[in-house]
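Novice: Pasting in a structure now, in structure tokens, and then I'll have a few things to ask.
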């Protein structure tokens, strides 16, 4: 993806299976290049991202559905660090949603069948 060109962007803009926003597509390509730069410095993207939670999932216990935050100090820090490295479309809310999606944060209610996972 880091090697994609404007021709690839044009091709992707026609793909009905993805979000066809030119800025987001271009940002994804740009971010892939930022990942390669990170790797060239000897760090994986995984190591970099997990450093914001000290390498272990954050378990938010006892939160009701309407109490689950949209961002935290960790997601703000992650967003700032990614932006400093040149990444795009990485605001604190996006970072927090990512953290939830990949298991860096467990915001499931205790009664949810996914809480234990």
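Novice: Go ahead and estimate [θ] at 222 nm for the chain from helices alone: -39,500 (n - 2.57) per DSSP H run with n ≥ 4, summed, over the residue count, rounded to 500. Each step should come with its number before you reach the end.
Specialist: Numbers: 5 runs with 55 residues, N = 117.
After summing the helix terms and dividing by residue count, I get -14000 deg cm²/dmol.
Novice: Right, something else. Would you work out the relative contact order for the chain, in percent, from Cα pairs under 8 angstrom that are 6 or more residues apart? Display every interim value, and only then the final one.
Specialist: On the way: 109 pairs, mean separation 28.9, N = 117.
It comes to 25 percent, rounded to a whole number.
Novice: I need 107, 66 ordered by Cβ neighbour count within 10 Å, fewest first.
Specialist: Working: 107 18, 66 5.
So the ranking, lowest neighbour count to highest, is 66, 107.
Novice: Which angle from 0 to 90°, rounded to the nearest 10, does the C-alpha axis of helix 73-84 make with the longest principal axis of the chain?
Specialist: 10
Novice: If the viscosity is 1.567 mPa s and the temperature 4 °C, what Stokes-Einstein diffusion coefficient in µm²/s follows for the range 7-65 when Rh is the Kirkwood radius over Cα pairs?
Specialist: Details: Rh = 14.4 Å.
Rounded to a whole number, D works out at 90 µm²/s.
Novice: When only C-alpha pairs under 8 Å and at least 6 residues apart count, what is the relative contact order of the range 1-42, in percent?
Specialist: On the way: 20 pairs, mean separation 19.6, N = 42.
The normalised contact order for the range 1-42 reaches 47 percent.
Novice: Going by how many other Cβ atoms sit within 10 Å of their own, how do 82, 45 line up, fewest first? Spell out each step's value before the answer.
Specialist: On the way: 82 23, 45 14.
Exposure proxy ranking, most exposed first: 45, 82.
Novice: Now a separate question. By counting other Cβ atoms within 10 Å of each Cβ, how are 6, 109 ranked from fewest to most?
Specialist: Working: 6 9, 109 15.
Taking fewest neighbouring Cβ atoms as first place, the list is 6, 109.
Novice: In 5 Å bins starting at zero, report the fraction of Cα pairs in the chain per bin as a rounded %.
Specialist: Pair shares across the bins are 2, 10, 17, 18, 16, 14, 12, 7, 2, 0.
Novice: Separate question: For residue 39 and residue 84, what is the calculated FRET efficiency with R₀ set at 22 Å and r taken between the beta-carbons, to the nearest 0.05?
Specialist: Values: r = 17 Å, r/R0 = 0.77.
For residue 39 and residue 84, the calculated efficiency is 0.85.
Values quoted throughout were computed directly from the atomic coordinates according to the rules given, and no laboratory measurement underlies them. Remember, predicted model here, so these are calculated numbers, not experimental data. Every residue, glycine among them, receives a Cβ derived from its backbone with ideal geometry; neighbour counts consider all protein chains shown.
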